[in-house]
Amino acid sequence: MVFITCIVCYFSAENVNYLIDITMRITVFFIITILVLEATAQTGTIRGRVFDEDTNEGLPFVNLVIEGTNIGSTTDLDGNFTFTGITPGFVRLRVSAVGYETRLSSELQVNANRTANVEIGMTEQPVDLEAVEVTVSQFERSDESPVSLRRLGIQEIERSPGANRDISRVIQGLPGVASTPAFRNDVIVRGGGPAENSFFMDGVEIPNINHFATQGASGGPVGILNTDFIREVEMYSSAFPANRGNAMSSVFEIRQINGNSDKLNFQGTLGASDLALTADGPITDNTTFIASARRSYLQYLFQVVGLPFLPTYNGFQFKTTTRLSENATLNFVGVGAIDLFDLNLDLDDTPDQRYILDYLPVNEQWNYTIGAVYRRFRTNGRETWVVSRNMLRNSAYKYPDNNESLPRLLDYSSDEIENKFRYERQFSVGDYRFNVGAGAEYARYLNDTFQQVFQNNQPETIDYQTTFDMYKWSVFGQATRRLFDDQLTLSLGIRSDANNYSSRMSNLLDQLSPRFSASYKVRDDLFLNFNTGRYFQLPAYTTMGFRDETGQLVNRENGLTYISADHIVGGFEWSPDRKSILTIEGFYKFYNNYPYSLTDSVALGSQSADFGVVGNEAVSSTAEGRAYGAEVYYRNQDLLNWNVILSYTLVRSDFTGYTGEFAPSAWDNRHIVNLTGLRRLPRNWEIGFKWRFTGGAPFTPYDLDRSSRVEAWDVKRMGYLDFTRFNSDRVSAFHQLDVRIDKQYFLSNFSIMLYLDVQNVYNFKTSQRPNLTRVENEPPFTDDDGVERYKLKELQNDIGSVLPSIGIIFMF
């Protein structure tokens, strides 16, 4: 489905003015609320534990200081500590102990009415008797992934301008991640497609992170994950750890907070498009929980504004944490969504409305992921057991003129079900650190497709049902060592994946995935870094499960196999001081065995993503691709009192196409700039801005000859693309400025946060590929060759409007 693609371009001036009027009225209410609230000064509490990362033993007499202050504390004999009387806000703890590396904790949010809980692991290091001062950087490094690893703390997640507390939009501000003017949540990293990413939440893989997800890719209009849960996000755009597979462009590690161990807390959030309720607290003496439910009210807003589609999404999320013993913990995590959709058939006043109603199918889906993570510490290292299950059910249907008494054009239903197991063992042998493990998976895919299409120069019907079961298995290992007094760090990993889909995928040796990293410390503030690796990814289930009219798995017979991507990344990292960092990296990715559409004669990875389904067609594993460029990343957590993130990415992305030569992919944006600034002001005010620039993406012009044929138009109700001119045109560049203002009040029993978020402040508009539609009230005509045709016209497709939104959060 493609409803969100049209949202921004469809907002007329009247609609935007109406939204602004609503926002201003509510803003006035908030200002009045602020003026009447008289909050006494309230303080918060931080409670936690410091432990040895290898043994989980609590560490006594560890020194802790709130970064940027002189406020300190010390752990007791069991490693526990408490801070009281802390001013609310975002803080980090500086932790130091003899015989351990000094480190900074992840960011914590301190509130007046609830305790902030944290556990901090420490890594042993030899005692240097000559050391007199230790300066710890705000930016933690990874020995296994010294390049292409970026982190976002809770402040950047909660306060990201233009994101409306949607983690899928927050990560679009990371280096190398392109955003789209249609405001989709596609994750497009360094010229790779949106299907090339993997997401893990507390160690559990999550295939879908968006409502109304694009089956076979990662896009969607609104994120599923509740930002109230998220403590930290790590993005690997290369140098993937060996324990993470099935990705070619990025791996995201999303870490959640634990529930409060002291008392039951509640939080209500009224956002730009939904209402959420979150609860957290203790269940037993050794178990905590955090859980939330969300429901959108977009359908009411869209109906008032006058949009021809009415989406409704519902979401849930939970996590429990149980300390089974001093050496063992058990987590249960879950996330899911129920997404409903209706057409507003009473609305057909304009050509744009009628165009959307004419082609847009009704799409509904639901999905969930649940998992359990058991961690046990041993005398030498720890082991992790992960069991999870995820399922997606996606359905869509369409009737001519939305009249259900007529023969259907589309009737689609599909299930994707995965049951996964993974075991990891981390340990040390001398100066070497190891992480080894294995995984197993049972997957089931079901598809029932009926679709009227026009191909091979004639109308055809695709009508098939498919069901297949698949077993997957994997092994992995990684070894890391520091040499020459920690001046040189080397890490070597290897992974292999296989499955029983076909003989081309069943041999582990055919998917050997080595990776190697090196980091050389030129001096304490300057590092030279390098990584190379080969990564494999399984094609989408929609592609593997495609059958012909005889029931044969077409793409298995066509030799479908794993897609591979070879990465080479090198650069340097410089930290002028402990609060700033500058990195410059060059990168090159080469793709092999990419699925190549036998219908359109293009690589699937080079086409722009749409909502609904991607990849359910005949393909061959014959396409190649490449993405290469350079990336500059600068971050300063105190630049004139601003927390600043600036990145520039120069990228080229090409795939083999119709001619067999390399041609620009839909992700060939060339230039990507992201600039974010956050600042805390007195009296609990915060302001932030985000400016982003994305170069114009290529697009394929319409095939007017094919599109105008009556028998072709009637089954699709929109234009056909001319793939002989694949991506030969480009849209204009896109840029916009987003601004956000936050105000917090901390009262004796509850807290209130208000925010105003304005997207596209200067109302920039960009032109996209025009929409092709029929000329209304014009009957078909017959051309000189006797072919019956419609008269077509193009509708201008300009995107961009000022989009203000407000939010209020109650914590009690």
Verdict on Ser575 being out of contact with any Gly (no Cβ under 9 Å at 6 or more places or on another chain) and more than 21 Å from Leu410 (Cα to Cα): yes
Hey, Thr82 assigned to a strand (DSSP E or B) and modelled with pLDDT of 85 or more or not: yes
Extreme residue, nearest to Ser601 (Cα to Cα), among residues of the range 625-644 that are surrounded by fewer than 22 Cβ atoms within 10 Å (Cβ to Cβ) and of a type in the set (A, V, I, L, M, F, W, C): Ala630
Pairs, first closer than 24 Å to Ile209 by Cβ and open to solvent by less than 50 Å² (accessible area, probe 1.4 Å) in the range 325-336, second assigned to a loop (DSSP other than H, G, I, E, B) and of a type in the set (D, E, K, R), C-beta under 8 Å, six or more apart: Asn331/Asp202; Val333/Asp202
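Confirm whether Asp186 is outside any helix (DSSP H, G or I) and more than 29 Å from Leu108 (Cβ to Cβ). Walk me through it before giving the result.
Values: outside any helix (DSSP H, G or I): yes; more than 29 Å from Leu108 (Cβ to Cβ): yes.
Here the answer is yes, as Asp186 does meet what is asked.
Does Phe199 count as in contact (Cβ under 8 Å) with a residue 12 or more places away in the chain and open to solvent by 10 Å² or more (accessible area, probe 1.4 Å)?
Details: in contact (Cβ under 8 Å) with a residue 12 or more places away in the chain: yes; open to solvent by 10 Å² or more (accessible area, probe 1.4 Å): no.
Answer is no for this residue.
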Out of Arg626, Arg515, sole residue that is among the basic types (Lys, Arg) and touching a Leu at 6+ places or on another chain (Cβ under 8 Å): Arg515
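Report yes if Arg255 is touching a residue at least 60 places away in the same chain (Cβ under 8 Å) and crowded, with 24+ Cβ neighbours inside 10 Å, otherwise no.
Numbers: touching a residue at least 60 places away in the same chain (Cβ under 8 Å): yes; crowded, with 24+ Cβ neighbours inside 10 Å: no.
No; evaluated as a whole, the condition is false for this residue.
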Residue ID - farthest from Tyr374 (Cα to Cα), chosen from residues in the range 337-351 that are modelled with pLDDT of 90 or more and either open to solvent by less than 70 Å² (accessible area, probe 1.4 Å) or among the aromatic types (Phe, Trp, Tyr) (or both): Asp339
Sole exception among (1) of a type outside the set (Gly, Ala, Ser); (2) surrounded by fewer than 17 Cβ atoms within 10 Å (Cβ to Cβ); (3) farther than 25 Å from Ile809 by Cα; (4) modelled with pLDDT under 55 for Cys9, by number: (2)
All strands (runs of 3 or more DSSP E) inside the range 526-624 with 1 or more residues being in contact (Cβ under 8 Å) with a residue 12 or more places away in the chain, crowded, with 17+ Cβ neighbours inside 10 Å and of a type in the set (A, V, I, L, M): 563-577, 580-597
Considering residues of the range 287-324 that are touching a strand residue (DSSP E or B) at 6+ places or on another chain (Cβ under 7 Å) and part of a loop (DSSP other than H, G, I, E, B) only, the residue most open to solvent (accessible area, probe 1.4 Å): Tyr297
Every residue from the range 799-808 that is in a loop (DSSP other than H, G, I, E, B) and of a type outside the set (Gly, Ala, Ser): Val802
Residues located in the range 731-786, provided they are under 30 Å from Lys263 (Cβ atoms) and either without any contact (Cβ under 8 Å) to a residue 12 or more places away in the chain or open to solvent by 20 Å² or more (accessible area, probe 1.4 Å) (or both): Tyr745, Leu747, Ser748, Asn749, Phe750
Given (1) of a type in the set (A, V, I, L, M, F, W, C); (2) surrounded by fewer than 13 Cβ atoms within 10 Å (Cβ to Cβ); (3) more than 30 Å from Arg717 (Cβ to Cβ), index of the condition Leu406 fails: (3)
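Here is a yes/no grid of residues against (1) within 30 Å of Asp346 (Cα to Cα); (2) over 31 Å from the mean Cα position of the chain (by Cα):
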{"site": "Ser388", "(1), (2)": "no, no"}
{"site": "Met391", "(1), (2)": "no, no"}
{"site": "Tyr412", "(1), (2)": "yes, no"}
{"site": "Val429", "(1), (2)": "no, yes"}
{"site": "Tyr442", "(1), (2)": "no, no"}
{"site": "Thr461", "(1), (2)": "no, yes"}
{"site": "Tyr464", "(1), (2)": "no, yes"}
{"site": "Asp469", "(1), (2)": "no, no"}
{"site": "Ser474", "(1), (2)": "no, no"}
Residue, farthest from Ile752 (Cα to Cα), within the range 90-111, restricted to residues that are within 27 Å of the chain's Cα centre (by Cα) and assigned to a loop (DSSP other than H, G, I, E, B): Ser105
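Against the condition open to solvent by less than 10 Å² (accessible area, probe 1.4 Å) and either farther than 27 Å from Tyr594 by Cβ or touching a residue at least 40 places away in the same chain (Cβ under 8 Å) (or both), how does Gly223 come out, does it pass? Walk me through how you get there before you give the answer.
Numbers: open to solvent by less than 10 Å² (accessible area, probe 1.4 Å): yes; either farther than 27 Å from Tyr594 by Cβ or touching a residue at least 40 places away in the same chain (Cβ under 8 Å) (or both): yes.
For Gly223, the condition - open to solvent by less than 10 Å² (accessible area, probe 1.4 Å) and either farther than 27 Å from Tyr594 by Cβ or touching a residue at least 40 places away in the same chain (Cβ under 8 Å) (or both) - is met.
Just checking, how many residues over the range 341-397 are within 30 Å of Glu124 (Cβ to Cβ) and not in a strand (DSSP E or B)? Write out each step before concluding.
Let us first name the residues in the range 341-397 that are within 30 Å of Glu124 (Cβ to Cβ), namely 372-386.
Still in the list and also not in a strand (DSSP E or B): 379-380.
Total meeting the criteria: 2.
May I ask you to say which residue of Ala247, Ala217, Ala239, Ala213 is open to solvent by 10 Å² or more (accessible area, probe 1.4 Å) and outside any strand (DSSP E or B)? Steps first, answer last, please.
Values: Ala247 fails: open to solvent by 10 Å² or more (accessible area, probe 1.4 Å); Ala239 fails: open to solvent by 10 Å² or more (accessible area, probe 1.4 Å); Ala213 fails: open to solvent by 10 Å² or more (accessible area, probe 1.4 Å).
One residue alone meets the criteria, Ala217.
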Residue tally, condition part of a loop (DSSP other than H, G, I, E, B), surrounded by 24 or more Cβ atoms within 10 Å (Cβ to Cβ) and among the small types (Gly, Ala, Ser), over the range 146-178: 5
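Given Asp463, Asp497, which one is touching a helix residue (DSSP H, G or I) at 6+ places or on another chain (Cβ under 7 Å), part of a strand (DSSP E or B) and either hydrophobic (A, V, I, L, M, F, W, C) or open to solvent by 20 Å² or more (accessible area, probe 1.4 Å) (or both)?
Values: Asp463 fails: touching a helix residue (DSSP H, G or I) at 6+ places or on another chain (Cβ under 7 Å).
The conditions single out Asp497.
Considering each of Val373, Val362 in turn, give the residue that is surrounded by 15 or more Cβ atoms within 10 Å (Cβ to Cβ), more than 25 Å from Phe266 (Cβ to Cβ), touching a residue at least 24 places away in the same chain (Cβ under 8 Å) and more than 22 Å from the chain's Cα centre (by Cα). Please lay out each step first, then the result.
Details: Val373 fails: more than 22 Å from the chain's Cα centre (by Cα).
Residue meeting the stated conditions: Val362.
Does Ala276 meet the test of being at pLDDT below 95 and either at positive phi or open to solvent by less than 20 Å² (accessible area, probe 1.4 Å) (or both)? Please lay out each step first, then the result.
Details: at pLDDT below 95: yes; either at positive phi or open to solvent by less than 20 Å² (accessible area, probe 1.4 Å) (or both): yes.
Taking the combined requirement at face value, the residue satisfies it.
Would you mention how many residues in the range 508-525 are open to solvent by 30 Å² or more (accessible area, probe 1.4 Å), closer than 24 Å to Gln487 by Cβ and either outside any strand (DSSP E or B) or not hydroxyl-bearing (Ser, Thr, Tyr) (or both)? Working first, answer last.
Quick first cut of the range 508-525, residues open to solvent by 30 Å² or more (accessible area, probe 1.4 Å) only: 508-510, 512, 514, 516, 520-525.
Subsequent filtering for residues that are closer than 24 Å to Gln487 by Cβ retains 516, 520-525.
Imposing the further condition that a residue be either outside any strand (DSSP E or B) or not hydroxyl-bearing (Ser, Thr, Tyr) (or both) reduces the set to 516, 521-525.
Qualifying residue count, the range 508-525: 6.
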Only one of Arg652, Arg683, Arg692, Arg670 that is of a type outside the set (A, V, I, L, M, F, W, C) and farther than 21 Å from Phe734 by Cβ: Arg683
Close pairs from the range 696-712: first over 23 Å from Glu788 (Cβ atoms), partner of a type in the set (S, T, N, Q) and part of a strand (DSSP E or B), Cβ under 9 Å, at least 6 apart: Gly696/Thr766
Which numbered condition Asn447 misses (of (1) more than 16 Å from Val386 (Cβ to Cβ); (2) of a type outside the set (Gly, Ala, Ser); (3) open to solvent by 50 Å² or more (accessible area, probe 1.4 Å)): (3)
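The values are calculated or read from the model by the stated rules, or taken from the named source; none is laboratory data. Predicted model only: the values in this text are computed from it and were never measured. Glycine gets a Cβ as well: all are built from the backbone with ideal geometry, and neighbour counts include every protein chain shown. The area values use the complete protein model at the heavy-atom level, side chains included, leaving out ligands, DNA and RNA. Shrake-Rupley method; radii C 1.70, N 1.55, O 1.52, S 1.80 Å.
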